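J.: Structure provided below as structure tokens; questions to follow.
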Amino acid sequence: MSLERTLSYQFIQKTKLSFTTLGVREIYLESAPPYKSYPQVEKIELKLRDIPEKGNFFQILSKRRSNRKYRKRPLSLEEISLLCFAAQGITAQAGFYLLRTAPSAGALYPVETYLAVNYSEEIPSGIYHLEVRSFVLEKLMEGNFGKILRDLALGQAFFEAASCVFIWSAVLRRTLSKYGERGLRYIFMDVAHICQNVLLAAEALHLKACPVGAFLDEEINEFLGLDGKEETVIYMATIGK
Ligand SMILES: Cc1cc2nc3c(=O)[nH]c(=O)nc-3n(C[C@H](O)[C@H](O)[C@H](O)COP(=O)(O)O)c2cc1C
């Protein structure tokens, strides 16, 4: 098969910006609400006292490594809060937009964060959604789902011993309604910024972390109650001690 026949090649070619295609809209889509929340469910307030001094940034960069050896150790509320802050903490307001720790194309923030807490002293084990505006975790399910997530991540055994697992989904319309098909590039760039923030925050907190792209998309969508169309899982990261 030639490279030219692959979907990936065609996608890259068809979504290149040039002077001739600039301003040409190939699709028209309604947008989606900019925030997601689960108003009826139990909430856990995340706590950020002071942003801690945690070492030299360039040391943190040079030490970051994907690490898959964890020991089922609990995370504190503060550690979980700082990881969530690194992912999608709000740091400024610009008119309508709530700007965050990670950049986002057009400040459209298409990524939603879910957190599987497996081991924590202060947060009951369960599956949570991060509500970014009020910086709370919204409880979707209670229990330790390490084994289930291991199976959904193609049997990658380290999921079971991870203290928590970040799961990121994309609400496609938020970005595609402005940028058309090229928006998909931006969605994946957005989530990579978020994930790298979390990986570096984990390193700063002396935790271990690993980004994960190998998982059964539809099964995870179903597990989280996502429809896989409007919103679909795109990336994960395990965190442990
Ligand atoms: C997009 C992406 C997907 C990845 N998926 C997995 C994965 O499913 N399982 C895994 O163990 N590591 C995964 N990794 C981690 C890579 O194996 C790791 O980053 C690479 O070996 C380089 O090592 P380092 O992160 O320690 O520098 C992924 C990394 C990226 C960036």
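J.: Counting only residues that are surrounded by 15 or more Cβ atoms within 10 Å (Cβ to Cβ) and not in a helix (DSSP H, G or I), which one in the range 213-227 is nearest to the ligand (Cβ to nearest atom)?
T.: Ranking the qualifying residues of the range 213-227, first place goes to PHE215.
J.: Being over 15 Å from PHE166 (Cβ atoms) and open to solvent by 50 Å² or more (accessible area, probe 1.4 Å): is that true of HIS206 here?
T.: Judged against the criteria, HIS206 is a match.
J.: How many residues are within 16 Å of the ligand (Cβ to nearest atom) and either of a type in the set (S, T, N, Q) or in a loop (DSSP other than H, G, I, E, B) (or both) if we restrict to the range 37-70?
T.: Qualifying residue count for the region: 9.
J.: Here's another thing I want to ask about it. Test LEU22 against the criterion of being farther than 30 Å from ALA202 by Cβ, open to solvent by 80 Å² or more (accessible area, probe 1.4 Å) and in contact with a helix residue (DSSP H, G or I) (Cβ under 7 Å, 6 or more places away or on another chain), and give yes or no.
T.: no
J.: Related question: Given (1) open to solvent by 70 Å² or more (accessible area, probe 1.4 Å); (2) within 19 Å of THR175 (Cα to Cα); (3) touching a residue at least 12 places away in the same chain (Cβ under 8 Å); (4) not β-branched (Val, Ile, Thr), identify the lone condition not met by PHE96.
T.: Tallying (1) open to solvent by 70 Å² or more (accessible area, probe 1.4 Å); (2) within 19 Å of THR175 (Cα to Cα); (3) touching a residue at least 12 places away in the same chain (Cβ under 8 Å); (4) not β-branched (Val, Ile, Thr), PHE96 fails exactly one: (3).
J.: For the range 126-145, what are the residues that are surrounded by 22 or more Cβ atoms within 10 Å (Cβ to Cβ) and either among the hydroxyl-bearing types (Ser, Thr, Tyr) or within 16 Å of the ligand (Cβ to nearest atom) (or both)?
T.: TYR128
J.: State yes or no: is GLY155 surrounded by fewer than 18 Cβ atoms within 10 Å (Cβ to Cβ), touching a strand residue (DSSP E or B) at 6+ places or on another chain (Cβ under 8 Å), free of Cβ contacts under 8 Å to residues at least 60 places away in the same chain and more than 23 Å from GLY89 (Cβ to Cβ)?
T.: So GLY155 fails the test.
J.: Can you pull out every residue in the range 106-123 that is away from the ligand (no atom under 16 Å from the Cβ) and free of Cβ contacts under 8 Å to residues at least 60 places away in the same chain?
T.: ALA107, LEU115, VAL117, ASN118, TYR119, SER120, GLU121, GLU122 - these are the residues of the range 106-123 that are away from the ligand (no atom under 16 Å from the Cβ) and free of Cβ contacts under 8 Å to residues at least 60 places away in the same chain.
J.: Let me ask something additional. Test LEU29 against the criterion of being in contact with a Ser or Thr (Cβ under 6 Å, 6 or more places away or on another chain) and either at pLDDT 95 or above or open to solvent by 60 Å² or more (accessible area, probe 1.4 Å) (or both), and give yes or no.
T.: yes
J.: I would also like to ask the following. Kindly indicate whether ALA209 is modelled with pLDDT of 95 or more, within 14 Å of the ligand (Cβ to nearest atom), among the aliphatic types (A, V, I, L, M) and touching a Gly at 6+ places or on another chain (Cβ under 9 Å).
T.: yes
J.: Return the total of residues in the range 99-125 being among the polar types (S, T, N, Q) and either farther than 22 Å from GLU160 by Cβ or surrounded by fewer than 17 Cβ atoms within 10 Å (Cβ to Cβ) (or both). Reasoning before the result, please.
T.: The initial filter retains those residues of the range 99-125 that are among the polar types (S, T, N, Q), namely 101, 104, 113, 118, 120, 125.
Cutting the leftovers down to either farther than 22 Å from GLU160 by Cβ or surrounded by fewer than 17 Cβ atoms within 10 Å (Cβ to Cβ) (or both) gives us 101, 104.
Of the residues in that region, 2 qualify.
J.: Now, a different point. Tally time: how many residues in the range 77-97 are more than 16 Å from ASN197 (Cβ to Cβ) and among the hydrophobic types (A, V, I, L, M, F, W, C)?
T.: Count: 3.
J.: Could you tell me how many of the residues in the range 173-183 are surrounded by fewer than 22 Cβ atoms within 10 Å (Cβ to Cβ) and out of contact with any helix residue (DSSP H, G or I) (no Cβ under 7 Å at 6 or more places or on another chain)?
T.: 4
The values are calculated or read from the model by the stated rules, or taken from the named source; none is laboratory data. Predicted model only: the values in this text are computed from it and were never measured. Neighbour counts run over all protein chains shown; Cβ positions are idealised from the backbone, glycine included. We work out accessible area using only protein heavy atoms, side chains counted, and drop any ligands, DNA or RNA first. Shrake-Rupley method; radii C 1.70, N 1.55, O 1.52, S 1.80 Å.
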